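K.L.:
Before anything else, here's the structure in question.
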Amino acid sequence: MGHWLDRNIIEPGKLPLLLALAAFVLTFVVTRTITRLIRAGKGPFGNVTAGELHIHHVVPGVVLTVVGGFGSVASGGGGLGPAFAAVLFGIGAGLVLDEFALILHLDDVYWSEAGRKSVEVVVLTAALVGLLLAGFAPFGVNDLTQEELRNRAGAAASTGVNFLFALVALSKGKARVALFGVIIPVVAVIGSLRLARPGSLWDRRFYRRRPRARARAILRAHRHDRRWSGLRRALGNWLGGTPDPPRTP
């Protein structure tokens, strides 16, 4: 284990990234545990308030993210500085993204259906950082040969093609596929070749006069959502807690 850590993490200079990811995931787990205890009225925890003002944990998260980010830039390449800054950044990012839905909606939707976006963004972020930690580089740059790396035009063309596939997948309404496709190009290629999601930019632009293609896309999206929505909901409930039922007017 020690040899693997030295060879794959410490020698390539990935220790700050590993520490940031560990701090990010641990912060999310601890934060969700505490908020769920507060929601259930258990334990010694309570909301942080200043008078009648509820201080959301995104506030200290922003502060820690800024301190960790600037600290990482200012600390240089060696010593404990980058590692400490990475931990601060990971903690701050965990606190901020745990309330991503609040920032998106500018409303306290933490325990609502809309609040599920926070859990999805945290899981997506952790997965993408994990892929970077495992050695995957954006747009398949790590897959280039030494000869291609020496040829700037070839490297730029390969990166541009991978970016184009990711962009096509995004225009087809497949944001998650496009994001993972940035790290693993074959994912973007598959997403760009498959049918677009109903209502996506690609659907509105290219399926408008192709009713059969639009019908196939709607049917495929329905089958996909029916197959995976239950599992996605169960996982979201397990990670972030069950949302409150919608309020009746």
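K.L.:
What chymotrypsin sites (Phe, Trp or Tyr not before Pro) in segment 1-62 are in a loop by DSSP, with at most 15 other Cβ atoms within 10 Å of the Cβ?
P.N.:
PHE45
K.L.:
Once phi is turned into θ = phi - 60°, what whole-Hz ³J(HN,Hα) does the Karplus curve with 6.51, -1.76 and 1.60 give for every residue of segment 181-189, x standing for Gly and Pro?
P.N.:
x, 5, 8, 10, x, 4, 5, 5, 4
K.L.:
Something else about it: What is the distance, in nm, between label points placed 7 Å from the Cα along the Cα-to-Cβ direction at LEU131 and at LEU167?
P.N.:
1.9 nm
K.L.:
In the chain, with Lys and Arg counted as +1 and Asp and Glu as -1 at Cβ, which of these residues, VAL73, LEU167, ILE34, has the Cα nearest the positive end of the dipole, that is, farthest along it?
P.N.:
After comparing all options, I get LEU167.
K.L.:
Also: Please check which bits of segment 14-33 a label hung off ALA74 would reach, taking the label as a point 7 Å along Cα-to-C-beta and the cut-off as backbone N under 12 Å.
P.N.:
No residues fall inside that zone.
K.L.:
Between HIS224 and GLU11, what length comes free when the chain is fully extended (0.36 nm per residue of separation minus the Cα-Cα distance, one decimal in nm)? Display every interim value, and only then the final one.
P.N.:
Numbers: separation 213, 0.36 × 213 = 76.68 nm, distance 4.24 nm.
Here the answer is 72.4 nm.
K.L.:
Under 5 Å between amide hydrogens, which residues at least 5 positions from VAL109 or on another chain qualify, with H placed 1.01 Å from N in the peptide plane?
P.N.:
Counting only residues 5 or more places away or on other chains, the set is LEU102.
K.L.:
Mind listing the phi-derived Karplus ³J(HN,Hα) values for segment 105-113, rounded to whole Hz, using 6.51, -1.76 and 1.60 with θ = phi - 60°, and x for any glycine or proline?
P.N.:
Result, rounded to whole Hz: 8, 6, 7, 7, 10, 3, 9, 9, 4.
K.L.:
Follow-up. Suppose accessible area is computed on protein heavy atoms with a 1.4 Å probe; arrange ASP225, ASP108 from highest to lowest.
P.N.:
Details: ASP225 50, ASP108 90 Å².
Per-residue accessible area, sorted high to low, gives ASP108, ASP225.
K.L.:
Using a 1.4 angstrom probe with every protein chain in place, what is the largest-first accessible-area order of GLU113, GLU52?
P.N.:
Values: GLU113 90, GLU52 190 Å².
Ranked list, largest accessible area first: GLU52, GLU113.
K.L.:
Just need the relative contact order of segment 18-143 here, percent rounded to a whole number, with Cα pairs under 8 Å and 6+ apart. Present the calculation step by step, with values, prior to reporting the outcome.
P.N.:
Numbers: 137 pairs, mean separation 35.7, N = 126.
Here the relative contact order equals 28 percent.
K.L.:
Sorted by accessible area (1.4 Å probe), largest first, how do ASP203, ASP107 line up?
P.N.:
Values: ASP203 10, ASP107 90 Å².
From most accessible down to least: ASP107, ASP203.
K.L.:
Please state the charge dipole magnitude for segment 163-249, taken about the Cα centre, from unit charges on C-beta atoms (+1 on K and R, -1 on D and E), reported in debye and rounded to the nearest 20. Show your work: numbers first, answer last.
P.N.:
Values: 20 positive and 3 negative charges, 124 e Å.
My answer is approximately 600 debye.
K.L.:
Another question, then. Using the heavy atoms of the protein chains alone and a 1.4 angstrom probe, what is the accessible area of the chain per residue in square angstrom?
P.N.:
On the way: 15840 Å² over 249 residues.
Result: 64 Å² of accessible area for each residue.
K.L.:
How much accessible surface does HIS56 have with a 1.4 Å probe, in Å² rounded to 10?
P.N.:
40 Å²
K.L.:
Normalising by the residue count of the chain, find the relative contact order in percent from Cα pairs under 8 Å and 6+ residues apart.
P.N.:
Numbers: 293 pairs, mean separation 39.3, N = 249.
Relative CO of the chain lands at 16 percent.
K.L.:
Going by the alpha-carbon gyration tensor, a ≥ b ≥ c the square roots of its eigenvalues, is the chain rounded (a/c under 1.5) or, if a/c is not under 1.5, prolate (a/b greater than b/c) versus oblate?
P.N.:
On the way: a/c = 2.25, a/b = 1.08, b/c = 2.07.
Taking the square roots of the gyration eigenvalues as a ≥ b ≥ c, the chain is oblate.
K.L.:
Whole Å is fine, so just give me how far the alpha carbon centre of segment 201-240 lies from that of segment 162-181.
P.N.:
If you average the Cα positions of each part, the centres end up 15 Å apart.
K.L.:
Here's something else I'd like to know. Could you tell me the calculated FRET efficiency between ASP108 and VAL66, based on Cβ-Cβ distance and R0 = 22 angstrom, to the nearest 0.05?
P.N.:
Details: r = 23 Å, r/R0 = 1.03.
About 0.45, to the nearest 0.05.
K.L.:
If R0 is 30 Å, what FRET efficiency do you get for PHE84 and VAL48 from their C-beta distance, rounded to 0.05? Walk me through the numbers on the way to the answer.
P.N.:
On the way: r = 24 Å, r/R0 = 0.82.
E(calc), rounded to 0.05, equals 0.75.
K.L.:
Given Cβ point charges of +1 (Lys, Arg) and -1 (Asp, Glu) and nothing else, what value in debye, to the nearest 20, does the dipole of segment 71-120 about its Cα centre take?
P.N.:
Numbers: 2 positive and 6 negative charges, 54 e Å.
About 260 debye.
K.L.:
Amide H to amide H, which residues 5 or more places from LYS174 or on other chains are under 5 Å from it, using H placed in the peptide plane?
P.N.:
Here the answer is none, since no amide H 5 or more places off falls under 5 Å of that of LYS174.
K.L.:
Rounded to the nearest 20 Debye, what is the dipole magnitude of the chain about its Cα centre when Lys and Arg each give +1 and Asp and Glu each give -1 at the C-beta? Don't jump to the answer; show the numbers that get you there.
P.N.:
Details: 30 positive and 15 negative charges, 380 e Å.
Result for the chain is approximately 1820 debye, rounded to the nearest 20.
K.L.:
May I ask you to evaluate 6.51 cos²θ - 1.76 cosθ + 1.60, the Karplus curve with θ = phi - 60°, for each residue of segment 215-229 and list the ³J(HN,Hα) values in order in whole Hz, giving x for glycine and proline?
P.N.:
5, 5, 5, 5, 5, 5, 5, 4, 5, 5, 5, 5, 6, 10, 5
K.L.:
How would you order 35-44, 128-137, 160-169 from highest to lowest mean count of nearby Cβ atoms within 10 Å?
P.N.:
Numbers: 35-44: 11.6, 128-137: 14.8, 160-169: 18.8.
Highest to lowest by the protection proxy: 160-169, 128-137, 35-44.
K.L.:
If you take the square roots of the eigenvalues of the alpha-carbon gyration tensor of segment 166-229 and sort them as a ≥ b ≥ c, do you get rounded (a/c under 1.5), prolate (a/b over b/c) or oblate?
P.N.:
Values: a/c = 2.36, a/b = 1.38, b/c = 1.70.
Judged from the Cα gyration tensor, segment 166-229 comes out oblate (a/c at least 1.5, b/c at or above a/b).
The values are calculated or read from the model by the stated rules, or taken from the named source; none is laboratory data. The structure displayed is predicted, hence computed values, not measured ones. Virtual Cβ from ideal backbone geometry, glycine too; neighbours counted across all protein chains shown. Surface areas here come from the heavy atoms of the whole protein model, side chains and all, with no ligands, DNA or RNA. Shrake-Rupley method; radii C 1.70, N 1.55, O 1.52, S 1.80 Å.
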